[in-house]
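Asker: Could you have a look at this structure, given as structure tokens, before my questions?
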Amino acid sequence: MSNPTFAGGAALRKFCSSIPVLISLLTVTVMANHGPGTSGGGSSTASGETMKQGGAEVTFRLDYTQFEDITNSEAARLARKAGEFDALSDSLVATIEAAYGITNDFQLGGQIGYYWGSGFVSAASENGVDVEQATADPEGLTDLWITGKYRILKGKPGHLSVIGGVKLPTGRDDVKLSNGEKLEPSSQPGSGSYDFQLGAAYSRFLTSQLTIDASAIYTFRTEHDGFEVGDRFDFGTALAYRITESIKAFPQYSELTGVWLGKDHSDEEGTNPNSGGTTLYITPGLRIRFNPQWSLTTAISIPIMQDLNGEQIESTYKASLGVSWSL
């Protein structure tokens, strides 16, 4: 349910300057977790309900992430301590999602987008004294996700669905740093690998105006060119309260979501200690339905716990804005 009101920043300015060409998503030695499939993308709680047969919905969504500010001198200090360190100023992912009801209990969906990252800094030190730094502003088309949701329970107890998906490597995966070295897959717009998702979602009315959603989805990553991005686990619970009595009017909601990222691994470098971790977000938001077809969702996600492995930058906040059309 949640989607991180987007704010300013260099990535956002780059997006605004390229609106006319928008289609829409999210180093050799540098290890990071800032791409659209890791900390640079959005996270939300899935619904256990499915679309009615023949129903369709298209959503355009913006997810903005602001990271903590790290100076070049601070990046160099951390590289001397950990051997390598990288940071990103901010990121923006513009995504188009579409879903269609095959039956009343089964729907298919797809998602693809465009990713902008701004102020990527890579710092590495082999001897703990000398530091090599390089920069980049990664951007490009993201990978395509194809998903399915099948409802196995409905009625008074609530709605329970199983969710599955496969990611196709359609995204850009060749962004390079200013020194000519290639960014690792977890910081690229696309990872280059085929990945898979499996999870479940549950929804029900608690009162005539209060609903609850809960979901847990695990992403299994595969290896590509000797590198495997760490697995990902998204979990969350969302409460939505409809301000007006009419079910077709607008509700407001709040949400608690969590994201666990596994450590990256490469055949050359082994397991990266400066990758992966767990982050919990609290997300107040608002959803407005203008008519039966059009709705708008906006939210801001504030991290309330960040338990990251090794030396990594933390997220300051995430913000989102989504516009949906349904049939």
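Asker: Once the piece of chain linking MET305 and VAL129 is laid out straight, how much longer is it, given 0.36 nm per residue of separation minus the C-alpha distance between them?
Answerer: Difference between extended and current length: 60.1 nm.
Asker: Would you calculate the separation in nanometres between label points at ASN72 and GLU223, each defined as 7 Å from the Cα along the Cα-to-beta-carbon direction?
Answerer: Spacing of the two 7 Å Cα→Cβ label points: 3.8 nm.
Asker: Magnitude of the Cβ-charge dipole of the stretch 88-205, K/R +1 and D/E -1, about the Cα centre, nearest 20 debye?
Answerer: Computed about the Cα centre, the dipole is about 1140 debye.
Asker: Something else now. For the stretch 195-246 and the stretch 95-134, what is the separation of their Cα centres, given in Å?
Answerer: 18
Asker: Can you give me the long-range amide H partners of GLY55? Hydrogens built in the peptide plane at 1.01 Å from N, cutoff under 5 Å, separation of 5 or more residues or another chain.
Answerer: Excluding prolines and chain starts, which carry no amide H, the hits are GLY101.
Asker: So for the pair TYR150, ASN291, with labels modelled 7 Å out along Cα→Cβ, what separation do we get in nm?
Answerer: 3.8
Asker: Output the Cα-based Rg and Dmax of the stretch 77-137 in Å, rounding Rg to one decimal and Dmax to a whole number.
Answerer: Expressed in Å, the Cα Rg and Dmax of the stretch 77-137 come to 20.3, 63.
Asker: What are the ³J(HN,Hα) values, in whole Hz, obtained from phi via the Karplus relation 6.51 cos²θ - 1.76 cosθ + 1.60 with θ = phi - 60°, for each residue of the stretch 140-151 in sequence order, with x given for Gly and Pro?
Answerer: With the stated coefficients, the stretch 140-151 comes to x, 5, 8, 6, 9, 9, 10, 10, x, 9, 10, 7 Hz.
Asker: Could you give log10 I(q)/I(0) at q = 0.15 Å⁻¹ for the stretch 43-192, computed by the Debye formula over C-alpha point scatterers of equal weight, without solvent?
Answerer: Result of the Debye calculation: -0.83.
Asker: What list of ³J(HN,Hα) couplings, whole Hz, do you get for the stretch 295-304 from phi and the Karplus terms 6.51, -1.76, 1.60, once you set θ to phi - 60° and write x for glycine and proline?
Answerer: Coupling constants for the stretch 295-304: 8, 10, 10, 9, 7, 10, 10, 10, x, 10 Hz.
Asker: May I ask you to evaluate 6.51 cos²θ - 1.76 cosθ + 1.60, the Karplus curve with θ = phi - 60°, for each residue of the stretch 306-312 and list the ³J(HN,Hα) values in order in whole Hz, giving x for glycine and proline?
Answerer: 9, 10, 9, 7, x, 9, 9
Asker: For the stretch 103-175, max minus min Cα coordinate along each principal axis, in Å, sorted largest first?
Answerer: Principal-axis extents of the Cα atoms in the stretch 103-175, largest first: 64, 25, 18 Å.
Asker: Ordered by packing density, taken as the mean number of other Cβ atoms within 10 Å over each peptide's residues, highest first, how do 200-212, 82-94 rank?
Answerer: So the peptides 200-212, 82-94, ranked by packing, come out 82-94, 200-212.
Asker: Could you give the dipole magnitude of the stretch 124-187 about its Cα centre, charging the beta-carbon of Lys and Arg +1 and that of Asp and Glu -1, in debye to the nearest 20?
Answerer: Around 1120 debye, computed over the stretch 124-187.
No value in this document is a laboratory result; all are computed from the given coordinates. Treat the numbers as computed from the prediction; the structure is a model and nothing was measured. We place every Cβ from the backbone using ideal geometry, glycine too, and count neighbours over all the protein chains shown.
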